[in-house]
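Colleague: Have a look at this one.
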Amino acid sequence: MRVVLFVKDSERGLKLVDDREWDAAMIATLEHVNYLTVHGEEYQTLEGKLNLDAGQLELLVVKMNNK
């Protein structure tokens, strides 16, 4: 399934972080994880939406400040 990650930007609204195919095992792990690493950056998952019209799972994430 196609999974799209969005981060909420206070100035520009939703910003696309990632868009790729996930297998069933990766999607199932969302039940057990709160954080994702994408392109070397860590994000906390906030909520998800199954968009049947677009055929994708959309996740809202927030970037963590790791130093």
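Colleague: Select from segment 35-58 the residues that are part of a strand (DSSP E or B) and charged (D, E, K, R) and write down the one among them that is nearest to residue 6 (Cα to Cα).
Modeller: Among those that are part of a strand (DSSP E or B) and charged (D, E, K, R), it is 58.
Yes/no per residue for (1) under 18 Å from residue 65 (Cα atoms); (2) surrounded by fewer than 10 Cβ atoms within 10 Å (Cβ to Cβ):
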site	(1), (2)
1	no, no
7	yes, no
11	no, yes
23	no, yes
26	no, no
29	no, no
44	yes, no
49	no, no
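Colleague: One residue is enough: does segment 1-17 have a residue meeting the conditions at pLDDT 95 or above, within 10 Å of the chain's Cα centre (by Cα), of a type in the set (D, E, K, R) and in a strand (DSSP E or B)?
Modeller: no
The values are calculated or read from the model by the stated rules, or taken from the named source; none is laboratory data. Worth saying up front: this structure is predicted, and the values here are computed from it rather than measured. Ideal geometry is used to build each Cβ from the backbone, glycine not excepted, and the neighbour counts take in all protein chains shown.
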